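First comes the structure, then the notes that go with it.
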């Protein structure tokens, strides 16, 4: 594509920053990426990708001539007017978003009529107004500001960038908002052009709603277990209603990752700080936490206690096609199993290195069959494709016990039972 497109800067080279940079390079922009982590920048300059995301390595390699990596913000300021901010905003102990990295970026940028910050980081509603007041107080009123929340799903982030279901641009008028709209125009996505506060709320509200759907279907699954209904059939019937739709109606052991838990907490906290008690989100969070522990209850019931038992976990990442362990269900599950006296062996095709930084006391296997060898029970935690294609006769031969708990309702129950194993799903008959 044409090289005459507007160049951009991207500040922060995590999941969002790297995918954003690679995506804009793919559609023709020169991109100057900046990060304070010198080791990460050095790796990127060598062509090494520090995160696992399908298609990202190829995209970065294909557009390497358009991508520039540096620890010096001055490089981005020199070449680009639009500076996309993609730094971390993790929750603090109070539940509020930690905006220290955002403020550090703001503090490092001089006043300019020719530059604008484009906020990709997920921030509380009202952050844009607060930053604009700070710009004025610091003598930087010339800087532009645009809210442009990201809607990238880990595991499909490259596709999501290049084929977005919508682009949200929040601004107060002026050149910067128009320039962001122009940048995204080649992707042909529906455009939501709105004010800054509404754009900020779109991101939080979207993730909170999807998390609510997950907790709702998990509650339905729990009721199904008491009544003899099958949640897979219930979800199929519900999903055909176009007012509901089939997405995010898959019962399991709860949601995790870098977005849903953080954004649900952030919206609940934002409401509380504003004087409103968001009761629904309180329930969503509680259901999600309890759901992870229900698997332990199933294991206890079938095995007659966990002390001295060996449990295999298939999958550790919070979802397939990523190595992200943030808020992964496996963290809670492994900790509870060990607290009840079980020995835990786990296998994940991608996330082991990240898991080792967060989990102590479990054994890591180098294959699925290695993990299940000698196990009294197996729990499917992450529905990696290779687990769905396992030869269950081989699994049965390798195990000491015969219990398979399908924590994602992703396996074929009949195939598992045909191998002589007990199948236990979530909300299934």
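Tabulated data for the structure shown
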item: Single match in 9, 23 (criterion: assigned to a helix (DSSP H, G or I) and touching a residue at least 60 places away in the same chain (Cβ under 8 Å)); result: 23
item: Residue within the range 248-255 that is out of contact with any helix residue (DSSP H, G or I) (no Cβ under 8 Å at 6 or more places or on another chain) and either in the same structural domain as residue 91 (by TED's automatic domain parsing) or not in a strand (DSSP E or B) (or both) present; result: no
item: Number of positions in the range 71-81 that are touching a strand residue (DSSP E or B) at 6+ places or on another chain (Cβ under 6 Å) and not in a loop (DSSP other than H, G, I, E, B); result: 4
item: Residue match in the range 296-318 (condition: touching a helix residue (DSSP H, G or I) at 6+ places or on another chain (Cβ under 7 Å) and either in the same structural domain as residue 50 (by TED's automatic domain parsing) or assigned to a helix (DSSP H, G or I) (or both)); result: yes
item: Complete set of residues in the range 344-366 that are more than 21 Å from the chain's Cα centre (by Cα) and closer than 17 Å to residue 404 by Cβ; result: 344, 345, 346, 365
item: Test for residue 353: is it assigned to a helix (DSSP H, G or I) and in contact (Cβ under 8 Å) with a residue 12 or more places away in the chain; result: yes
item: Restricting the range 49-59 to residues that are without any contact (Cβ under 8 Å) to a residue 40 or more places away in the chain and in a loop (DSSP other than H, G, I, E, B), the residue that is nearest to the chain's Cα centre (by Cα); result: 50
item: Qualifying residues in the range 25-34 (those that are in contact with a helix residue (DSSP H, G or I) (Cβ under 7 Å, 6 or more places away or on another chain) and surrounded by fewer than 22 Cβ atoms within 10 Å (Cβ to Cβ)) - the one farthest from residue 185 (Cα to Cα); result: 30
item: Within the range 135-163, tally of residues that are more than 24 Å from residue 204 (Cα to Cα) and either in a loop (DSSP other than H, G, I, E, B) or touching a strand residue (DSSP E or B) at 6+ places or on another chain (Cβ under 7 Å) (or both); result: 6
item: Which listed residue, of 334, 330, is touching a helix residue (DSSP H, G or I) at 6+ places or on another chain (Cβ under 8 Å) and either outside any loop (DSSP other than H, G, I, E, B) or modelled with pLDDT of 95 or more (or both); result: 330
item: Single condition residue 101 does not satisfy, out of (1) under 26 Å from the mean Cα position of the chain (by Cα); (2) closer than 19 Å to residue 205 by Cα; result: (2)
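For (1) touching a helix residue (DSSP H, G or I) at 6+ places or on another chain (Cβ under 6 Å); (2) in a strand (DSSP E or B); (3) assigned by TED's automatic domain parsing to the domain that holds residue 17; (4) surrounded by fewer than 19 Cβ atoms within 10 Å (Cβ to Cβ), each residue gets a yes or a no:
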{"site": "47", "(1), (2), (3), (4)": "no, no, yes, yes"}
{"site": "61", "(1), (2), (3), (4)": "no, no, yes, yes"}
{"site": "65", "(1), (2), (3), (4)": "no, no, yes, yes"}
{"site": "68", "(1), (2), (3), (4)": "no, yes, yes, no"}
{"site": "95", "(1), (2), (3), (4)": "yes, no, yes, yes"}
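The values are calculated or read from the model by the stated rules, or taken from the named source; none is laboratory data. These numbers were taken from a predicted model, which means no experiment stands behind them. Quick reminder, even Gly has a Cβ in these numbers, built from the backbone with ideal geometry, and neighbours come from all protein chains shown.
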